[in-house]
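Here is the structure we will look at.
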């Protein structure tokens, strides 16, 4: 199918780094699940900010401060619109999905969790959605429970109902797995949790770069993602939460800009969103995130997603023809992520060999050590695609892996 509004060559031209070479080979960047490349419009927004607009926000009465405060808050509204949130004050800027999850985990530790409570996650979680809950359990006396994963990398849905019970205080799970590519049935899982009045935290880090998200339709209670995976700057992330939950939780950090009044006798905190944004924020990151969202809104995202699925289909077919190669994660609903192993070869050797041909993939445990251990792996090689990747790049990957297999016998 031809999509009039998706021109791969025009899209690639928007990303300066894609035009460079590595060791005489064109850069083939297939590590998008780790971080995405940045369009020129994001790079220019950051340059313009530092060259012409730099000031602190929420405090000054001079032009630069007032102008930047307006731009900063406009981005908050833009983010709310981008994820389908009805109230921009429910959007909290953080350093990334990791800090967003830590903010909620610490808030639950201080105000919700107690001895004997349970926290439910899944076996496919990123470490960022495991370790904060382990710490929360240790501090509160709660227990961490885990939904198992089936052999094809899909979630064991039959195990979920028994794990959601009167002791469960929160269900935190990934929308799309960064290792398996599995797309979890988020709506169904959220409905199951809400039937028992259990709040849900949804890690959307791997879904927002690819598919349109509407938190109002999902009806999750918290939603988190990182800007750098959404073609924006590093060091900026988003936490969205329903107002009633955010108002129940205590401040995550304290200091300037999150207060209404400070006396030595006591302090009064701001309402949302200021309550959770202490100190000078990552202003440049917010401006860059806004530029990234503007860029994405200019794309036909349905066509972009269809293009990514074509890349996944061609890559899967090509790699499965390599002798001794196995793909880890074959769930029916899957994003453009391919984790694989080759019999007799360490994933790091695969990554190093491909790097010599200018092909950038990830090799390691992908911050999902419990998942890999469950399936008997210490590491895998992982190619992950974005809409700016081309079929030619997929063919280059497949050819290089065939060459690698032949080289190592």
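The values are calculated or read from the model by the stated rules, or taken from the named source; none is laboratory data. All values reported here derive from a predicted model rather than from experimental measurement. Methodologically, a virtual Cβ is constructed for each residue, glycine included, from the backbone with ideal geometry; neighbour enumeration extends over all protein chains shown.
Does residue 92 meet the test of being under 20 Å from residue 294 (Cα atoms), touching a residue at least 60 places away in the same chain (Cβ under 8 Å) and either part of a loop (DSSP other than H, G, I, E, B) or under 18 Å from the mean Cα position of the chain (by Cα) (or both)? Talk me through it step by step, then tell me what you get.
Working: under 20 Å from residue 294 (Cα atoms): yes; touching a residue at least 60 places away in the same chain (Cβ under 8 Å): yes; either part of a loop (DSSP other than H, G, I, E, B) or under 18 Å from the mean Cα position of the chain (by Cα) (or both): yes.
Yes: the conditions hold for residue 92.
Test residue 51 against the stated conditions and say whether it is in a loop (DSSP other than H, G, I, E, B) and either more than 30 Å from residue 179 (Cβ to Cβ) or touching a residue at least 40 places away in the same chain (Cβ under 8 Å) (or both). In short, no.
To keep it simple, each residue is scored yes or no on (1) assigned by TED's automatic domain parsing to the domain that holds residue 403; (2) in contact with a strand residue (DSSP E or B) (Cβ under 7 Å, 6 or more places away or on another chain).
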site	(1), (2)
291	no, no
319	yes, yes
323	yes, no
340	yes, yes
343	yes, no
352	yes, no
361	yes, yes
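Just so you know, in segment 268-302 the residues that are assigned to a helix (DSSP H, G or I) and over 21 Å from residue 81 (Cβ atoms) include one that is modelled with the lowest pLDDT, and it is 275.
Please verify whether residue 311 is assigned to a strand (DSSP E or B) and within 23 Å of residue 22 (Cα to Cα), treating the condition exactly as stated. No: the conditions fail for residue 311.
Of the residues 73, 44, 66, only one is more than 25 Å from the chain's Cα centre (by Cα) and either modelled with pLDDT of 95 or more or closer than 30 Å to residue 304 by Cβ (or both); which? Checking each option against the conditions leaves just 66. When residue 77 is tested against (1) surrounded by fewer than 20 Cβ atoms within 10 Å (Cβ to Cβ); (2) over 20 Å from residue 237 (Cβ atoms), exactly one condition is not met: (2). Only a single criterion out of (1) under 20 Å from residue 291 (Cβ atoms); (2) surrounded by 15 or more Cβ atoms within 10 Å (Cβ to Cβ); (3) in contact (Cβ under 8 Å) with a residue 40 or more places away in the chain is not satisfied by residue 69, namely (3).
Filtering segment 22-36 to residues that are out of contact with any strand residue (DSSP E or B) (no Cβ under 6 Å at 6 or more places or on another chain) and either at pLDDT 95 or above or at positive phi (or both) leaves 23, 24, 25, 26, 27, 35, 36.
Under 25 Å from residue 365 (Cα atoms), surrounded by 17 or more Cβ atoms within 10 Å (Cβ to Cβ) and at pLDDT 95 or above: does that describe residue 99?
Details: under 25 Å from residue 365 (Cα atoms): yes; surrounded by 17 or more Cβ atoms within 10 Å (Cβ to Cβ): yes; at pLDDT 95 or above: yes.
Yes.
Residues 304, 335, 356, 315: which one is buried (at least 21 other Cβ atoms within 10 Å of the Cβ), closer than 19 Å to residue 406 by Cα, touching a residue at least 60 places away in the same chain (Cβ under 8 Å) and not assigned by TED's automatic domain parsing to the domain that holds residue 59? Walk me through it before giving the result.
Working: 304 fails: closer than 19 Å to residue 406 by Cα; 335 fails: closer than 19 Å to residue 406 by Cα; 356 fails: buried (at least 21 other Cβ atoms within 10 Å of the Cβ).
Going through 304, 335, 356, 315 in turn, just one is buried (at least 21 other Cβ atoms within 10 Å of the Cβ), closer than 19 Å to residue 406 by Cα, touching a residue at least 60 places away in the same chain (Cβ under 8 Å) and not assigned by TED's automatic domain parsing to the domain that holds residue 59: 315.
Could you tell me whether residue 123 is more than 21 Å from residue 240 (Cβ to Cβ), touching a strand residue (DSSP E or B) at 6+ places or on another chain (Cβ under 6 Å), touching a residue at least 60 places away in the same chain (Cβ under 8 Å) and assigned by TED's automatic domain parsing to the domain that holds residue 218? Yes; evaluated as a whole, the condition is true for this residue.
Here are 235, 241: which of them is surrounded by fewer than 22 Cβ atoms within 10 Å (Cβ to Cβ), farther than 23 Å from residue 153 by Cα and touching a residue at least 12 places away in the same chain (Cβ under 8 Å)?
Details: 241 fails: surrounded by fewer than 22 Cβ atoms within 10 Å (Cβ to Cβ).
Going through 235, 241 in turn, just one is surrounded by fewer than 22 Cβ atoms within 10 Å (Cβ to Cβ), farther than 23 Å from residue 153 by Cα and touching a residue at least 12 places away in the same chain (Cβ under 8 Å): 235.
When segment 263-273 is limited to residues that are surrounded by 13 or more Cβ atoms within 10 Å (Cβ to Cβ) and without any contact (Cβ under 8 Å) to a residue 40 or more places away in the chain, the one that is farthest from residue 103 (Cα to Cα) turns out to be 267.
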